[in-house]
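Okay, structure first, notes after.
Values in this text are rule-based calculations from the coordinates and carry no lab data. These numbers were taken from a predicted model, which means no experiment stands behind them. FYI the Cβ positions are ideal-geometry reconstructions off the backbone, even for glycines, and counts take in every protein chain you see.
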Amino acid sequence: MIYVSRKEHFNAAHKLYNPAWSKDRNVEVFGPCANENWHGHNFELIVTVAGNPDPDTGFVIDLKKLSTLIRNEVVEKLDHKNLNLDVDFMKDKLASCETLIIEIWKILAPEISSISKFGKLHAIRLYETPRNYVDYFGESSTASAR
């Protein structure tokens, strides 16, 4: 099994805020991330496709096609946007990295299957800061988490 990864970058703003809670409770749980005027991050997104190479090309997936897919379907929808207000697939969702990465998976998994006969989406890593990131491997590997 070969694992092929592509890294992309986007900038976005958000706030962590549960509308069912009081302002004080939100600040207690989310701290400065509940700032009424938002805050931003320079996100790094790493998408990993797993599979065996195509015997005709030697590719698990054409990286040019993967890059175009990620940019068109994810980065263009997120870059320089407010995750809480501007992103249709985040509407009415808590704008945490955990929620965001699941929504990105839902977009990319079927599209990757359509552009690669030999690979499938294996993992997504989303860096919110250089020291804070989340990994997602799809529903089957996280069903018992939390």
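Considering only residues of segment 58-86 that are without any contact (Cβ under 8 Å) to a residue 40 or more places away in the chain and not acidic (Asp, Glu), which is farthest from residue 135 (Cα to Cα)?
Only one residue tops the list, namely 58.
Could you list, ordered by first residue, the pairs with Cβ atoms under 7 Å in which the first is in segment 91-111 and free of Cβ contacts under 8 Å to residues at least 60 places away in the same chain and the second is crowded, with 17+ Cβ neighbours inside 10 Å and charged (D, E, K, R), at least 6 apart or interchain?
Every condition considered, the pairs that remain are 97/128.
Quick check on my filter: what residues within segment 42-81 are loosely packed, with under 14 Cβ neighbours inside 10 Å and part of a strand (DSSP E or B)?
42
Just give me the residues in segment 11-41 being of a type in the set (S, T, N, Q) and either without any contact (Cβ under 8 Å) to a residue 40 or more places away in the chain or outside any strand (DSSP E or B) (or both), in sequence order.
Selection gives 18, 22, 26, 35, 37.
May I ask you to verify whether residue 95 is surrounded by 13 or more Cβ atoms within 10 Å (Cβ to Cβ) and closer than 21 Å to residue 7 by Cβ?
Considered against the rule, which asks whether it is surrounded by 13 or more Cβ atoms within 10 Å (Cβ to Cβ) and closer than 21 Å to residue 7 by Cβ, residue 95 comes out as no.
Identify the residue in segment 62-119 that is of a type in the set (A, V, I, L, M, F, W, C) and in contact with a His (Cβ under 8 Å, 6 or more places away or on another chain) and, among all such residues, is farthest from residue 11 (Cα to Cα).
Here the residue is 95.
Just need a number here: residues in segment 1-27 that are touching a Gly at 6+ places or on another chain (Cβ under 6 Å) and surrounded by fewer than 17 Cβ atoms within 10 Å (Cβ to Cβ).
0
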